[in-house]
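Trainee: Can you keep this structure in mind? I'll have questions shortly.
The values are calculated or read from the model by the stated rules, or taken from the named source; none is laboratory data. Just so it is clear, the structure is predicted and the values come from calculations on it, not from any experiment. Please note: Cβ atoms are built from the backbone with ideal geometry, for glycine as well, and neighbour counts cover all protein chains shown. Only protein heavy atoms, including side chains, enter the accessible area calculation; ligands, DNA and RNA are left aside. Shrake-Rupley method; radii C 1.70, N 1.55, O 1.52, S 1.80 Å.
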Amino acid sequence: MTDIVTSTSEYPPYIHESWHRCAAMMHPETWRQPHRALGVTFRSICQRKAALITIAQAALEDALEFMDRRHCALLVLDESACLLESCGHPQTLAALAELGFSAGCYCSESIIGSCALSLAAQLGQPVKTTGRAHFKQALFDWCFCATPVFDNHGRLAGSVALVCRSEETCPGDLPLTLAIAREVGNSLLTDSLLAESNRHLNQLYGLLESMNDGVLAWDSQGIVQFLNPQAAELLLLQPQLSQGQPLQELITLPALLRRSIRKRQRLNHVEVTFESQHQFIDLVVTLKPIHDAQGDSFILLLHPPEQMRQLMTSQISRVSHTFEQMPQQDADSRRLVHFGRQAAKGNFPVLLTGEEGVGKTRLSEAIHNETRQAGGPYIAINCQRFADPDAVADFLGTGPTDEQNGQLSKPELAHGGTLFLDNIEFLPGEIQSALLQVIKQGMVTRLGSQRMIPVDVKIVAATGQNLEDRVAQKQFSRQLYYAFHAFEIHIPPLRQRKASIEKLVRHKLAQLEKPFAVRYRIDDEVLAQLADYTWPGNDFELNTVVENMAMRSDNGRIRLSNLPDYLLSISASGESTWPAMASGLSFPAIERDAIVHAARVTQGRVLEMSRLLNIGRTTLWRKMKQYHIDARQFRER
């Protein structure tokens, strides 16, 4: 019989190919009910194909109503031709069930032979098989029309089929399955896109709700569309009750923000003041207009001022000098470190006095790093900058206006850290009054504003002047002087700390050993020469000289010849360091003694001798030959 049907030319080639495959596996006369997936297996398949089943069920029910109780059945199969769902005329469903076509059965070609239920999935196209087109004789009385369903990625998701008796088939049956399959595929695509959009939306909401900044969004009508918990907390609002409400009824917007909304202008990190629940709220905001066909909507980011200050000041200044880095081998240095540590314990202001170069700035850095606010900013200011009254706004900042953003004051920049005011005697009276307010109340008022802004800042000031005299001359506030005078640290000039010079020199050399990779040794006569000098530049000058000697040393050995020339020729009293000459000596004798002294100081190095004597090398060689002086006899052996 197979030979007869395969020779028939009325069927398409894929039917003939299917017959040949089936002939090798089965006999057309025998029929066994298809294998079924049952229990957990079938439930697992249905769970995996839940979207397909749900969408296809609705489409099949709509199609049944269209067919007006026609004796047929509509089936839903997965990509492996497993029957998932069926509906239709009860008599048709019962007849199919007798053949084994019930939920869970596999309708693959290897089980039921040539049939549209398997061929549609194999070929990926609509297929109709009726009568003797089937390989199995048990299906000769039936007509099967099936169309595959594809997901949004173009992969086979399953198929839908219409089954009826052969004598009841209609020309529109296959196009009907094609229409149903397209509807199901489009619905699957829509569901997939909707699920993906919901997933992205949930991710976006999760991101917005986890942000440190507040996020507020409203539409073109001013209706609040989104409010994250941070924004609700900052603006004293309830998130659930605020969404869907007009923004103007919830809070009073500042004029600058209202104008930007009206003009649809963007704002970036602008400081404004809201009014909510009868309270004023200072925030830094960023406004982003969104332009679309439905009108302009807006997104507002709310930044707490404290976080913005921390972000700004974290990049401004960090200092590393500590008390551990300061020399403490002598009594004067230990006294200085002791009082510095005491000054760091409280939040009271500290005044450092002493001549220029004694190390007031370094001491202020060490005090900052010892305070509880060591992790905060360290803002150092030379008050000579503010001697001009026009520079007052730079120190006190300015309040925001309808046209301009505000400017942070220096105490605000130093909030949570230390404000170091060098040469404080130059501060104008207006800034002195504001500084006194910071010290007494922990508040600062910007220029052009009535609002007092709380600040937590350690004030350290420094001066080389007698502030008491400035008070008497009415050039410095008496109250501010008393505030600083409560804890004053005086640093004596280096000429009054001669006993400390040797220890300071050795401490500085020890610090230079690591960067220069050299172990330094210094001659006693060099230390003696340093101790005799008056050091008008104090510790700063001493450190500069030590660095200069270290760079000029011979493999770490520091001799008199390594000292700067002015230290060799100038004594502590400012007089010449050349040995006293006996009266009555002739000029040649004096000249010879000068050359010999220079040779001793430089250990016979002719180049350094010429520099010390301020004459050319050629002239020096001629004079040495004239006076029979051999430089080699002065060199260290």
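Trainee: Helices (runs of 4 or more DSSP H) wholly in segment 516-582 with at least 3 residues that are open to solvent by less than 50 Å² (accessible area, probe 1.4 Å) and at pLDDT 80 or above - which ones?
Mentor: Once the helices (runs of 4 or more DSSP H) in segment 516-582 are filtered for at least 3 residues that are open to solvent by less than 50 Å² (accessible area, probe 1.4 Å) and at pLDDT 80 or above, what remains is 524-532, 538-552.
Trainee: Among the residues that make up segment 475-483, is at least one of them of a type in the set (Ser, Thr, Tyr) and not in a helix (DSSP H, G or I)? Walk me through it before giving the result.
Mentor: Filtering segment 475-483 down to residues of a type in the set (Ser, Thr, Tyr) leaves 477, 481-482.
Within this subset, residues satisfying the condition of being not in a helix (DSSP H, G or I) are 477.
Yes, some residue in segment 475-483 is of a type in the set (Ser, Thr, Tyr) and not in a helix (DSSP H, G or I).
Trainee: If a residue must be farther than 30 Å from Thr534 by Cα, more than 30 Å from the chain's Cα centre (by Cα) and open to solvent by 10 Å² or more (accessible area, probe 1.4 Å), how many such residues does segment 366-391 contain?
Mentor: Count: 6.
Trainee: Looking at the structure I just gave you, is Asn186 open to solvent by 10 Å² or more (accessible area, probe 1.4 Å), under 20 Å from Thr54 (Cβ atoms), of a type in the set (S, T, N, Q) and assigned by the TED database to the domain that holds Leu83? Even if it seems obvious, please write down each step before you answer.
Mentor: Working: open to solvent by 10 Å² or more (accessible area, probe 1.4 Å): yes; under 20 Å from Thr54 (Cβ atoms): yes; of a type in the set (S, T, N, Q): yes; assigned by the TED database to the domain that holds Leu83: yes.
So Asn186 fits the description; yes.
Trainee: Determine if segment 401-414 includes at least one residue that is assigned by the TED database to the domain that holds Ser320, assigned to a loop (DSSP other than H, G, I, E, B) and on the phi > 0 side of the Ramachandran plot.
Mentor: So far as segment 401-414 goes, no, none of its residues is assigned by the TED database to the domain that holds Ser320, assigned to a loop (DSSP other than H, G, I, E, B) and on the phi > 0 side of the Ramachandran plot.
Trainee: Please indicate, with yes or no, whether at least one residue in segment 281-298 is modelled with pLDDT of 90 or more, hydrophobic (A, V, I, L, M, F, W, C) and more than 30 Å from Tyr481 (Cα to Cα).
Mentor: Scanning segment 281-298 turns up at least one residue that is modelled with pLDDT of 90 or more, hydrophobic (A, V, I, L, M, F, W, C) and more than 30 Å from Tyr481 (Cα to Cα).
Trainee: Within segment 291-302, count every residue that is in a strand (DSSP E or B) and either touching a residue at least 60 places away in the same chain (Cβ under 8 Å) or under 26 Å from Leu408 (Cα atoms) (or both).
Mentor: Number of matching residues: 8.
Trainee: Select from segment 321-348 the residues that are assigned to a helix (DSSP H, G or I) and of a type in the set (S, T, N, Q) and write down the one among them that is surrounded by the most Cβ atoms within 10 Å (Cβ to Cβ).
Mentor: Among those that are assigned to a helix (DSSP H, G or I) and of a type in the set (S, T, N, Q), it is Ser333.
Trainee: Name the residue that is most open to solvent (accessible area, probe 1.4 Å), counting only residues in segment 69-113 that are without any contact (Cβ under 8 Å) to a residue 40 or more places away in the chain and in a helix (DSSP H, G or I).
Mentor: For segment 69-113, the residue satisfying everything is Glu98.
Trainee: Looking at Leu351, Leu363, Leu421, Leu436, which one is over 30 Å from the mean Cα position of the chain (by Cα), surrounded by 23 or more Cβ atoms within 10 Å (Cβ to Cβ) and assigned to a helix (DSSP H, G or I)?
Mentor: Result: Leu363 is the single residue among Leu351, Leu363, Leu421, Leu436 that is over 30 Å from the mean Cα position of the chain (by Cα), surrounded by 23 or more Cβ atoms within 10 Å (Cβ to Cβ) and assigned to a helix (DSSP H, G or I).
Yes/no per residue for (1) free of Cβ contacts under 8 Å to residues at least 24 places away in the same chain; (2) in contact with a helix residue (DSSP H, G or I) (Cβ under 6 Å, 6 or more places away or on another chain); (3) of a type in the set (Val, Ile, Thr); (4) closer than 30 Å to Arg266 by Cα:
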position	(1), (2), (3), (4)
His415	no, yes, no, yes
Asp422	no, no, no, no
Arg451	no, no, no, yes
Lys458	no, no, no, no
Ile491	no, no, yes, no
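Trainee: Just name the residue that is modelled with the highest pLDDT out of those in segment 253-274 that are part of a strand (DSSP E or B) and surrounded by fewer than 14 Cβ atoms within 10 Å (Cβ to Cβ).
Mentor: Asn268
Trainee: With the checklist (1) under 20 Å from Ala138 (Cβ atoms); (2) modelled with pLDDT of 90 or more; (3) out of contact with any Ser or Thr (no Cβ under 8 Å at 6 or more places or on another chain) in hand, flag the one item Leu93 doesn't pass.
Mentor: Evaluating Leu93 over (1) under 20 Å from Ala138 (Cβ atoms); (2) modelled with pLDDT of 90 or more; (3) out of contact with any Ser or Thr (no Cβ under 8 Å at 6 or more places or on another chain) leaves (3) as the failure.
Trainee: Let me ask another. Counting only residues that are more than 59 Å from the chain's Cα centre (by Cα), surrounded by 12 or more Cβ atoms within 10 Å (Cβ to Cβ) and either over 25 Å from Glu167 (Cα atoms) or free of Cβ contacts under 8 Å to residues at least 24 places away in the same chain (or both), how many does segment 23-63 have? Please lay out each step first, then the result.
Mentor: Residues of segment 23-63 more than 59 Å from the chain's Cα centre (by Cα): 23-35.
Cutting the leftovers down to surrounded by 12 or more Cβ atoms within 10 Å (Cβ to Cβ) gives us 23, 26-28, 31, 33-35.
Adding the requirement that they be either over 25 Å from Glu167 (Cα atoms) or free of Cβ contacts under 8 Å to residues at least 24 places away in the same chain (or both) leaves 23, 26-27, 35.
Matching residues across segment 23-63 total 4.
Trainee: For Glu196, are the conditions met, namely being over 30 Å from Val284 (Cβ atoms) and open to solvent by 20 Å² or more (accessible area, probe 1.4 Å)?
Mentor: On the way: over 30 Å from Val284 (Cβ atoms): yes; open to solvent by 20 Å² or more (accessible area, probe 1.4 Å): yes.
When the stated conditions are applied, Glu196 passes them.
Trainee: Hey, another quick one. Tell me, which residue of segment 439-490 that is of a type in the set (Lys, Arg) and more than 20 Å from Ala414 (Cα to Cα) is least open to solvent (accessible area, probe 1.4 Å)?
Mentor: Only one residue fits best here, namely Arg470.
Trainee: Now a separate question. Would you be able to say whether some residue in segment 256-277 is among the small types (Gly, Ala, Ser) and over 17 Å from Leu235 (Cβ atoms)?
Mentor: So far as segment 256-277 goes, yes, one or more of its residues are among the small types (Gly, Ala, Ser) and over 17 Å from Leu235 (Cβ atoms).
Trainee: Do we find that Phe66 is outside any loop (DSSP other than H, G, I, E, B) and open to solvent by 70 Å² or more (accessible area, probe 1.4 Å) in this structure?
Mentor: Considered against the rule, which asks whether it is outside any loop (DSSP other than H, G, I, E, B) and open to solvent by 70 Å² or more (accessible area, probe 1.4 Å), Phe66 comes out as yes.
Trainee: Would you mention how many residues in segment 306-320 are in contact with a Leu (Cβ under 8 Å, 6 or more places away or on another chain) and either surrounded by 16 or more Cβ atoms within 10 Å (Cβ to Cβ) or at pLDDT 85 or above (or both)?
Mentor: Initially, segment 306-320 is screened for residues in contact with a Leu (Cβ under 8 Å, 6 or more places away or on another chain), giving 309, 312-313, 316.
So of that shortlist, the ones also either surrounded by 16 or more Cβ atoms within 10 Å (Cβ to Cβ) or at pLDDT 85 or above (or both) come out as 309, 313.
Residues flagged as in contact with a Leu (Cβ under 8 Å, 6 or more places away or on another chain) and either surrounded by 16 or more Cβ atoms within 10 Å (Cβ to Cβ) or at pLDDT 85 or above (or both) within segment 306-320 amount to 2.
Trainee: Working only within segment 277-290, note down all residues that are part of a strand (DSSP E or B), over 25 Å from the mean Cα position of the chain (by Cα), of a type outside the set (A, V, I, L, M) and surrounded by 10 or more Cβ atoms within 10 Å (Cβ to Cβ).
Mentor: Correct list: Phe280 only.
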